Amino acid sequence: MKLKSIIVVSMTALLLNITALPASAAKQTHHGIGLVTAIDNKGKKIELKHGPIKSIGWMAMKMFFVVDDAELLDEVEVGDNVDFDFIETRDKRYVITDIEAQ
């Protein structure tokens, strides 16, 4: 009976440690360089025409990204060349966590 209790406690502790990690801790941050082609403040989205992003295996393309913080959109304007960082969420959304005009 003691062994079973020790196993249950150990497994619970292990699970708590795993679930206690922040959701972003396991996510890889990707970096890109691009041109702002559209900004949707209401939808918290930005469209970028970006170059290749090797860390995720993308070639150059134009696409919308969601922003982590709507205030990031105040830092850039359509026509700006930008450096940006983003993560891929579990549901395959690409979320910008940092963006800066060059």
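Taking Lys27 and the conditions (1) of a type in the set (D, E, K, R); (2) surrounded by 13 or more Cβ atoms within 10 Å (Cβ to Cβ); (3) not in a loop (DSSP other than H, G, I, E, B), which numbered condition does it fall short on, given that it satisfies the others?
Answer for Lys27: the failing condition is (3).
Report, by residue number, each residue of segment 68-86 that is in a strand (DSSP E or B) and crowded, with 17+ Cβ neighbours inside 10 Å. Spell out the reasoning first.
Taking segment 68-86 first, the residues in a strand (DSSP E or B) are 81-86.
Once the filter is applied, which keeps residues that are in a strand (DSSP E or B) and crowded, with 17+ Cβ neighbours inside 10 Å, segment 68-86 yields Val82, Phe84, Phe86.
Just a yes or no: is a residue in segment 37-45 touching a Phe, Trp or Tyr at 6+ places or on another chain (Cβ under 7 Å), under 20 Å from Gln102 (Cα atoms), modelled with pLDDT of 95 or more and surrounded by 10 or more Cβ atoms within 10 Å (Cβ to Cβ)?
Scanning segment 37-45 turns up at least one residue that is touching a Phe, Trp or Tyr at 6+ places or on another chain (Cβ under 7 Å), under 20 Å from Gln102 (Cα atoms), modelled with pLDDT of 95 or more and surrounded by 10 or more Cβ atoms within 10 Å (Cβ to Cβ).
Residues of segment 57-67 being of a type in the set (A, V, I, L, M, F, W, C) and surrounded by fewer than 13 Cβ atoms within 10 Å (Cβ to Cβ), which ones?
Met59, Ala60, Met61
The values are calculated or read from the model by the stated rules, or taken from the named source; none is laboratory data. All values reported here derive from a predicted model rather than from experimental measurement. Neighbour counts run over all protein chains shown; Cβ positions are idealised from the backbone, glycine included.
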